[in-house]
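Report on the structure given below.
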Amino acid sequence: NYHYGVTIRDAVDFIKFQEIEYGYREKVELETVSILDINNINNTNNKHKSFKYTNNDSTRLPDLMNALIKANFIDKETEIKQFRKIFSGNEIDIQIIWIGNISELSYFIKSIHNDHKKIEDTKQQIWKITSQCFIQSDSTQFDKSKFRGQKIPANKTIIDNIVKIL
């Protein structure tokens, strides 16, 4: 039943986003559906699985994804469904492949989290969530401790322009 619930919720979300993209709906009214995972009842460490986009109008997420693909930050095979999930606040199925370097990812996340407040405050879990949402191009996990202290990347202005899409 748990998997059917997740599949149905994903299908309903997809239909709502399609309505927005094709102009049949102006705003998404997201209803939170709580699905109980018996394995995680008492585990509070798994509270944050992905980032939560603060704007109810998620029509800008496809533009953000396309800009990140064009700038060679994420894999060109990334699907919009996968990309939306990393900003849903829910558990993700597939990680996004980050092609850029770690300093670029660190700067991008700091920018949307700290500077522009486009995602909800993660209560000190920012790098844990980042390492759960993104994977390196060689399929290795990002080490959450390596995000701290990253230098500002040389292509900072490109990332700044991409963040402005949100």
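The values are calculated or read from the model by the stated rules, or taken from the named source; none is laboratory data. No experiment lies behind these values; they were computed from the predicted model shown. A quick note on method: Cβ atoms are made from the backbone with ideal geometry, for glycine too, and the neighbour counts reach across all protein chains shown. Accessible surface areas use protein heavy atoms only, side chains included; no ligands, DNA or RNA. Shrake-Rupley method; radii C 1.70, N 1.55, O 1.52, S 1.80 Å.
Simple spin-label model, 7 Å along Cα-to-Cβ: S145 to N72 in nm?
3.2
Here are some pairs, K76/K146; K110/K164; K70/K144; which of them have Cα atoms lying more than 23 Å apart in this structure?
Details: K76/K146 25 Å; K110/K164 14 Å; K70/K144 26 Å.
The answer is K76/K146; K70/K144.
Relative contact order (percent) for the stretch 54-166, with alpha-carbon contacts under 8 angstrom and 6 or more residues of separation? Could you put the intermediate results ahead of the total?
On the way: 120 pairs, mean separation 36.7, N = 113.
Worked out over the stretch 54-166, it gives 33 percent.
Measuring with a 1.4 Å probe in the full set of protein chains, what accessible area per residue, in whole Å², belongs to the stretch 52-166? Walk me through the numbers on the way to the answer.
On the way: 6070 Å² over 115 residues.
Roughly 53 Å² per residue, with all protein chains present.
What is the percent carbon and sulfur in the accessible area of the stretch 59-112, measuring with a 1.4 Å probe over the protein chains and ignoring ligands? Please report the intermediate quantities before stating the final value.
Working: 1030 of 2320 Å².
For the stretch 59-112, the apolar C and S fraction of the accessible surface comes to 44 percent.
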